[in-house]
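The values are calculated or read from the model by the stated rules, or taken from the named source; none is laboratory data. Nothing here was measured: the structure is a model prediction, and the numbers come from that model. Don't worry about glycine lacking a Cβ; one is built from the backbone with ideal geometry, like all the others, and counts go over all protein chains shown.
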Amino acid sequence: MIAARRLSLAVLPTPLVPARRLGEHLGVEVWVKRDDLIGFAFGGTKTRAVDVVIGDAVARGHDELIGCGGPASNLCATLAAAAARADIPCTLVLFGSSPGPSHPNLSAMERWGARVIFTGVPDRASTEPCAGLIAAERASCGRHPFVVPRGAAIPLGVLSYASAADELDEQLTTAGIDPDCIVLPVGSGATIAGLLIGVSSWSRPTRLTGAVVSRPLADTAMTVETLATSAARCGRRPRPDLGRLELVDAIGPGFGVPTPDLRDAVALALRTEGIVVDITYGARALAVVGDLARRATGPIVLWHTGGWLDAVADLGLGRDHP
Ligand SMILES: *Cc1c(COP(=O)(O)O)cnc(C)c1O
């Protein structure tokens, strides 16, 4: 594997902070890994993958970016901003059809200068073949496009999250904390797959608990295992320890659909710690922290993956109030 060349978008390490009031409320010691403060374009944890994947692509001579996702994709929004920084054109291929300009992530993609194309069918998997066709067309014009699949679920992207686990391990040592588990939201599975690679070589027995927000548990488990195993091999890291992984169903009534419990989780984070979490990802992970509190044998680390664009739109900030 080629040594990763970063664009240096992410400001690392992101803070690890105690969440005393939140912990008192839930009845367990809670720490928060603030990847929401990663320092670039509201990208959250995704910025880690974009940083190395696009840095490496640019270093290998690619001069255009084609990203895949949905209209609510934080990855695509971050790709648009990264392409602006790298000074290369960006096309984003989104599944479905345009939900209208009011969607915060979609308008961010456009405001950051990307060309947005819809596949016209709701199937998420329709994006990569369409991106492949566009890439072939661009190549025939003498360009060197680079295609980023949904979730940046390629070995270099996954390995950026293994480095994130290495980063947290050092912070835990400095702070003198031995967490029982790390909780984070799971979509494509790339983030947790990478974290699993990193955590597998920790000397502390910390487990990883994923709140699965978009797909059936069995599918997600298989994807995480495949991604972790293949990325570990590429990165010459030890075989991931699947015994440390636990996935819980956090889909509820559907991807991104709010419920009273999730609204309560958003309010709890705001009113105890002043922390902003979104309904799609952060609130679901926080709800799982609440469920785990009773059986936790040590502190819980909530990995705050970002989601600010959705969260801020949800809070109604920036709108005109009568
Ligand atoms: C993408 C995303 C996730 C899920 O990450 P995957 O690697 O797709 O599992 C979680 N939280 C936020 C804010 C995200 O943008």
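Just to verify a result, which residue in region 118-147, among those that are of a type in the set (D, E, K, R) and assigned to a helix (DSSP H, G or I), is nearest to S97 (Cα to Cα)?
The extreme case among them is R124.
Any residue at all in region 105-113 that is among the small types (G, A, S), surrounded by 17 or more Cβ atoms within 10 Å (Cβ to Cβ) and within 15 Å of the ligand (Cβ to nearest atom)?
Checked region 105-113: at least one residue is among the small types (G, A, S), surrounded by 17 or more Cβ atoms within 10 Å (Cβ to Cβ) and within 15 Å of the ligand (Cβ to nearest atom).
Could you count how many residues in region 240-289 are surrounded by 19 or more Cβ atoms within 10 Å (Cβ to Cβ) and either within 18 Å of L302 (Cβ to Cβ) or under 19 Å from the mean Cα position of the chain (by Cα) (or both)?
Within region 240-289, residues that are surrounded by 19 or more Cβ atoms within 10 Å (Cβ to Cβ) and either within 18 Å of L302 (Cβ to Cβ) or under 19 Å from the mean Cα position of the chain (by Cα) (or both) number 23.
Looking for something touching a Pro at 6+ places or on another chain (Cβ under 9 Å) and among the charged types (D, E, K, R) - is there at least one such residue anywhere in region 99-121?
The answer is yes; a qualifying residue exists.
Determine, yes or no, whether A125 is out of contact with any helix residue (DSSP H, G or I) (no Cβ under 8 Å at 6 or more places or on another chain) and touching a residue at least 40 places away in the same chain (Cβ under 8 Å).
So A125 fails the test.
Under the condition of being over 14 Å from D310 (Cβ atoms) and without any contact (Cβ under 8 Å) to a residue 60 or more places away in the chain, which residue from region 269-285 is nearest to the ligand (Cβ to nearest atom)?
The selected residue is L270.
With the structure loaded, tell me whether S201 is part of a helix (DSSP H, G or I), in contact (Cβ under 8 Å) with a residue 24 or more places away in the chain and surrounded by fewer than 17 Cβ atoms within 10 Å (Cβ to Cβ) or whether it fails that test. Before the answer, list the steps.
Values: part of a helix (DSSP H, G or I): no; in contact (Cβ under 8 Å) with a residue 24 or more places away in the chain: yes; surrounded by fewer than 17 Cβ atoms within 10 Å (Cβ to Cβ): yes.
When the stated conditions are applied, S201 does not pass them.
Criterion first (farther than 24 Å from D180 by Cβ, outside any helix (DSSP H, G or I) and more than 17 Å from the chain's Cα centre (by Cα)) does G298 satisfy it?
On the way: farther than 24 Å from D180 by Cβ: no; outside any helix (DSSP H, G or I): yes; more than 17 Å from the chain's Cα centre (by Cα): yes.
Answer is no for this residue.
For region 148-188, what are the residues that are without any contact (Cβ under 8 Å) to a residue 60 or more places away in the chain, within 13 Å of the ligand (Cβ to nearest atom) and part of a helix (DSSP H, G or I)?
none
Out of T191, T173, I need the residue that is buried (at least 22 other Cβ atoms within 10 Å of the Cβ) and polar (S, T, N, Q). Which one?
T191
Which members of region 16-39 meet the condition of being assigned to a helix (DSSP H, G or I) and within 14 Å of the ligand (Cβ to nearest atom)?
D35, D36, L37
Please state which one of D35, D87, D56 is outside the structural domain of L270 (by TED's automatic domain parsing) and in contact (Cβ under 8 Å) with a residue 24 or more places away in the chain.
So the residue among D35, D87, D56 that is outside the structural domain of L270 (by TED's automatic domain parsing) and in contact (Cβ under 8 Å) with a residue 24 or more places away in the chain is D56.
Among the candidates D291, D310, which residue alone is under 25 Å from D178 (Cα atoms) and either of a type outside the set (A, V, I, L, M, F, W, C) or outside any helix (DSSP H, G or I) (or both)?
D291
Name the single residue, out of those in region 53-76 being assigned to a helix (DSSP H, G or I) and touching a Gly at 6+ places or on another chain (Cβ under 7 Å), that is nearest to the ligand (Cβ to nearest atom).
The first filter runs over region 53-76 and keeps only residues assigned to a helix (DSSP H, G or I), leaving 53-59, 74-76.
Applying the additional criterion that residues be touching a Gly at 6+ places or on another chain (Cβ under 7 Å) yields 53, 74-76.
On the way: V53: 13, N74: 3, L75: 6, C76: 10 Å.
The qualifying residue nearest to the ligand (Cβ to nearest atom) is N74.
Could you check F42 against (1) buried (at least 24 other Cβ atoms within 10 Å of the Cβ); (2) within 12 Å of the ligand (Cβ to nearest atom); (3) over 22 Å from S126 (Cα atoms) and say which number it fails?
All conditions pass for F42, except number (1).
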